[in-house]
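Q: Before anything else, here's the structure in question.
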């Protein structure tokens, strides 16, 4: 399985909400993700992204995560790609290929919560 990334803020993509990474640690995880051969970056926006993004936002109330979540859902929809996330809130976008993960937090003796 390949990971496809859109280059959002690293902390938003590499950690679930309860995984409290400091910014420096989040950047290290991001750099590891970028160098991983299973990762790929889409260089251009998919056709229909803007329309799907606008549609995702049109009927929703303003929330702190509205713009980024709507953008990621629109990207997945427009690209016909799976959106893999810890955030169950993405169920509201009714994506055809949504994969919800369950966070598995490490023991307190682990060095890094995401690696």
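The values are calculated or read from the model by the stated rules, or taken from the named source; none is laboratory data. Everything quoted here is computed from the prediction, not taken from an experiment. FYI the Cβ positions are ideal-geometry reconstructions off the backbone, even for glycines, and counts take in every protein chain you see.
Q: Tell me, which strands (runs of 3 or more DSSP E) wholly within region 11-115 include 2 or more residues that are at pLDDT 85 or above and surrounded by 12 or more Cβ atoms within 10 Å (Cβ to Cβ)?
A: On the way: elements: 39-41, 83-85, 98-100.
Counting at least 2 such residues, we get 83-85, 98-100.
Q: In region 71-84, which residues are in contact with a helix residue (DSSP H, G or I) (Cβ under 8 Å, 6 or more places away or on another chain) and within 13 Å of residue 94 (Cβ to Cβ)?
A: 73, 74, 77, 83, listed by residue number.
Q: Could I ask something else about it? In region 38-46, is there at least one residue being in contact (Cβ under 8 Å) with a residue 40 or more places away in the chain and within 15 Å of the chain's Cα centre (by Cα)? Walk me through it before giving the result.
A: Taking region 38-46 first, the residues in contact (Cβ under 8 Å) with a residue 40 or more places away in the chain are none.
No: region 38-46 contains no residue that is in contact (Cβ under 8 Å) with a residue 40 or more places away in the chain and within 15 Å of the chain's Cα centre (by Cα).
Q: Right, another one. Looking at (1) within 14 Å of residue 94 (Cα to Cα); (2) in contact (Cβ under 8 Å) with a residue 24 or more places away in the chain; (3) within 16 Å of the chain's Cα centre (by Cα), which is the only condition residue 52 fails?
A: Unmet condition: (3).
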